[in-house]
Amino acid sequence: MAKALMELQVMYLHGNGIKDGGMKTIAAALAGNTNLKVLGLCEEEIGSFGAQVLAAALQANTNLSLLDIRGNKITQDGCREIAFALLRNPGSRLDYLLMDPEYGGIVKGEYQGLLRAFKMQFKLQMSG
C-alpha cells in the first residue's frame, strides 16, 4: 500500500476505520512522499498514537498543502504533537489544517491561539 500511495496527489479517506495501526502505513508513505498535496483522514478513529506517527511524518513532509483530520479521536496532546512537528519543519507547505474544535476538550477558537503560540503561519479551518 505504501508504494501505491507514493504516486497519489490527492487522497481522501472517510470512515474506513484505519485507526492508529493503519496510520503507521500512511505516515510511512507520507514522510517520503513528494507528490501528495491533499490528505483527508476524516472519521478514521485516529487516536493519540496515530497523531504521534502523523506528526513524525509531517515533520519530514514538504509537499502537503491541505490536511483534514476532522472526526477523529485526537486529543489535545495529539494536536500539540502535530503543531510542534509542523513548527520543526521549516520546509512545510501546509496551508490548511482542518480539525474539529472539540479535540482534547478545546473549545472553538482556542486552536488558533494554540497554533499562534507555536508561531504557525497557516490557515486553520474549523468544522461546527
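The values are calculated or read from the model by the stated rules, or taken from the named source; none is laboratory data. As the structure is a prediction and not an experimental result, all values here were calculated from the model. Don't worry about glycine lacking a Cβ; one is built from the backbone with ideal geometry, like all the others, and counts go over all protein chains shown. All accessible areas refer to the heavy atoms of the entire protein, side chains included, with ligands and DNA or RNA removed. Shrake-Rupley method; radii C 1.70, N 1.55, O 1.52, S 1.80 Å.
Report, to the nearest whole %, how much of the accessible area of region 1-100 belongs to carbon and sulfur atoms, 1.4 Å probe, protein only.
On the way: 2380 of 4590 Å².
C and S fraction of accessible area: 52 percent.
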Listed by chain and number, the residues whose amide H is under 5 Å from that of Leu13, excluding neighbours fewer than 5 places away on the same chain and using placed H, are Gly40, Leu41, Cys42
If ligands, DNA and RNA are left out, what is the accessible area of Arg70 with a 1.4 Å probe, given in Å² to the nearest 10?
80 Å²
Can you run phi through the Karplus equation (6.51, -1.76, 1.60; θ = phi - 60°) for region 74-89 and list ³J(HN,Hα) in whole Hz, with x for Gly and Pro?
6, 8, 4, 5, x, 4, 5, 4, 5, 4, 5, 4, 5, 5, 6, 10
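Averaged per residue, what accessible area in Å² does region 1-94 show with a 1.4 Å probe, protein chains only? The partial results should precede the final answer.
On the way: 4380 Å² over 94 residues.
In whole numbers, region 1-94 has 47 Å² accessible per residue.
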Take Thr34 and Leu87, extend 7 Å from each Cα along the Cα→Cβ direction, and tell me the distance between the two endpoints in nm.
3.0 nm
Taking θ as phi - 60°, what are the ³J(HN,Hα) couplings along region 26-37 by the Karplus curve (6.51, -1.76, 1.60), each to the nearest whole Hz, with x for Gly and Pro?
5, 5, 4, 6, 5, 4, x, 7, 10, 10, 5, 10
